[in-house]
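Take a look at the structure set out below.
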Amino acid sequence: LFHELMAAAPERRMDELDTEINELVCNSISYNILYDGFCNIVDYLFQQMTAKTDANKSQKCLAEEIESYIETNASKQINLQTISDNFNKSPQYLSRIYKNIKGISPTEHIINLKIEKTKELLKLDPPVTLSEIADAVGFSDPSYLSKVFKLKTGSNPSDFRHSCI
């Protein structure tokens, strides 16, 4: 347990704790003093561990909120800046937290959702124009949608549409 707690301590504090423990063992004149000293160290380590756990929970919660926001607004023209404005956090901070928790950037998630929706709309009969699809998925330019679609799927929208018929 003590070793697990030590792992929760900040790196810069490890040497200090090691010295503190050595001094405590060498300079304690009674078991009560030794016990009190170790209790203080363990209390400190528990606080560090709790703070680390709370920070992780907070980051997971933020990542979930970002994901929910993206999924609710994916059909609009959203980007990292609009997300950041909504959450009052810097774009870099939000992107780092989201990527650490979810494994992909918020921008990648937005694009993936838009491409999946584009695939669904390309399968509709009667066919929907690429311009209408671009509007529906939040792209202002159909040719840009076509480029992103080809980059992500390996085929252009018209080839994809024909392969689904």
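The values are calculated or read from the model by the stated rules, or taken from the named source; none is laboratory data. On a predicted model such as this, the values are computed, not experimentally measured, just so you know. Counting neighbours? That spans all protein chains shown, and the Cβs are built from the backbone with ideal geometry, glycine included. Side chains included, ligands, DNA and RNA excluded: accessible areas come from the protein's heavy atoms. Shrake-Rupley method; radii C 1.70, N 1.55, O 1.52, S 1.80 Å.
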request  = Enumerate the helices in the chain for which the Kyte-Doolittle hydropathy averages 1.6 or more and the C-alpha atoms extend at least 15 Å along the helix's axis, using complete DSSP H runs.
outcome  = none
query = Per residue, how much space in cubic angstrom lies within the convex hull of the C-alpha atoms of the chain?
reply = 147
note = Over its alpha-carbon atoms, segment 43-100 yields an Rg and a Dmax in Å of 14.1, 49
query = Which of the pairs K89/K150; K57/K152; K76/K123; K89/K123 have their Cα atoms more than 28 Å apart in this structure?
reply = K89/K150; K57/K152; K89/K123
message = Given a 1.4 angstrom probe, what's the average accessible area per residue across the chain, in square angstrom?
response = 65
task = Work from the charge dipole of the chain (Cβ charges, +1 for Lys and Arg, -1 for Asp and Glu, about the Cα centre) and give the residue of S95, T107, S140 farthest towards its positive end.
result = S140
message = Counting only helical runs of four or more DSSP H residues, what would the 222 nm mean residue ellipticity of the chain come to if each run contributes -39,500 (n - 2.57) and the total is spread over all its residues?
response = -26000 deg cm²/dmol
